[in-house]
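The values are calculated or read from the model by the stated rules, or taken from the named source; none is laboratory data. Note that the coordinates shown come from a computational prediction; the quantities given were computed from them, not determined experimentally. Quick reminder, even Gly has a Cβ in these numbers, built from the backbone with ideal geometry, and neighbours come from all protein chains shown.
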Amino acid sequence: MGTEPYGSSIGSWWPGTLFPEWRSMVTWFVIYPDESGNPAKNTAVEISGIELWSLSIKDKAWKLVQSSLTPTWSDIVAQDAINASNTKAFQTSTSTSAIYAPGPDNMMHGGLGHAVTPWNLSSGRADINALLVVIRHRLVLKDPKLADDRASARLGLQAGVDYYPFVGAKVSDLNASYVPGAGVGRFIKVTPNWRYSTTFIRSSRISEQELLAIPAPSLMY
């Protein structure tokens, strides 16, 4: 759906209910093991910093839509991204981070709660020229007393953002098995150093040159 949170922007391939306006947004991530496997047994992914930014059409400035050090929800999901997983995955947390390690046949899915889609009450249209999702992550040890095998870890993290028709809506409210998302970013390999997985979506209303002339958002994390 990109920067157009309207039913008219959804492709004919989506089988769900076409609400005319999608007034809620959910920031999310997934963590997958590499297709060839993940040899590291004592390594997990630490997430500390999740942000969603929107570039306002009206004010021509980046505005923070939501941010949190840690996810507000997480699930262990089968690798088809639809069904629940029948096997366990490593999960723990600190006061400033959440730590996950999927198993060989599942993945971790999590994110933040619903945020109100930026809207311009005067124009009656969404106030979005671009969207930016930023998730900060690194590799840590499950047990510091055991061997450090982070160098052999093969784990990737992808960021994304979905529109929902209203705050609190569930997939079941859409009469579908999945949400027609706003967009997703590419998978980024997680390393022992802090890295960022991002999703960036730009409207055709604004050129690359115009975008670069606007001060970049000051990231929280």
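Pairs are defined by a Cβ separation below 7 Å, a sequence spacing of at least 6 or placement on different chains, a first member in segment 158-175 that is in contact (Cβ under 8 Å) with a residue 24 or more places away in the chain, and a second member that is hydroxyl-bearing (Ser, Thr, Tyr) and surrounded by fewer than 14 Cβ atoms within 10 Å (Cβ to Cβ); the pairs so defined are Leu174/Thr17; Asn175/Thr17. Residue pairs whose Cβ atoms lie under 7 Å apart, sitting 6 or more positions apart in sequence or on different chains, and linking a residue in segment 136-148 that is of a type in the set (D, E, K, R) to a partner that is surrounded by fewer than 20 Cβ atoms within 10 Å (Cβ to Cβ) and assigned to a loop (DSSP other than H, G, I, E, B), are Arg136/Trp194; Arg136/Tyr221; Arg138/Thr191; Arg138/Pro192; Arg138/Asn193; Arg138/Trp194; Lys142/Asn42; Asp143/Asn42.
Restricting segment 106-116 to residues that are out of contact with any Asp or Glu (no Cβ under 8 Å at 6 or more places or on another chain) and in contact (Cβ under 8 Å) with a residue 40 or more places away in the chain leaves a set whose member that is farthest from Tyr32 (Cα to Cα) is Val116. The residues in segment 15-72 that are β-branched (Val, Ile, Thr) and surrounded by fewer than 18 Cβ atoms within 10 Å (Cβ to Cβ) can be counted, and the count is 2.
Residues in segment 144-167 that are within 22 Å of Pro15 (Cβ to Cβ) and assigned to a loop (DSSP other than H, G, I, E, B): Pro165, Phe166.
Residues in segment 151-160 that are among the hydrophobic types (A, V, I, L, M, F, W, C) and closer than 14 Å to Phe187 by Cα: Leu155, Leu157, Ala159. Residues that are surrounded by 17 or more Cβ atoms within 10 Å (Cβ to Cβ) and in a loop (DSSP other than H, G, I, E, B) within segment 73-100 comprise Gln79, Ser85, Ala89, Ser97, listed in sequence order.
Against the condition in contact with an Asp or Glu (Cβ under 9 Å, 6 or more places away or on another chain) and over 23 Å from Arg202 (Cα atoms), how does Gln66 come out, does it pass? Against the criterion (in contact with an Asp or Glu (Cβ under 9 Å, 6 or more places away or on another chain) and over 23 Å from Arg202 (Cα atoms)), Gln66 does not qualify. The residues of segment 184-221 that are part of a helix (DSSP H, G or I), loosely packed, with under 14 Cβ neighbours inside 10 Å and among the aliphatic types (A, V, I, L, M) amount to a single one, Leu212. Ala81 meets each of the listed conditions (1) under 25 Å from Arg195 (Cα atoms); (2) at pLDDT below 95; (3) of a type outside the set (D, E, K, R); (4) over 17 Å from the mean Cα position of the chain (by Cα) apart from (4).
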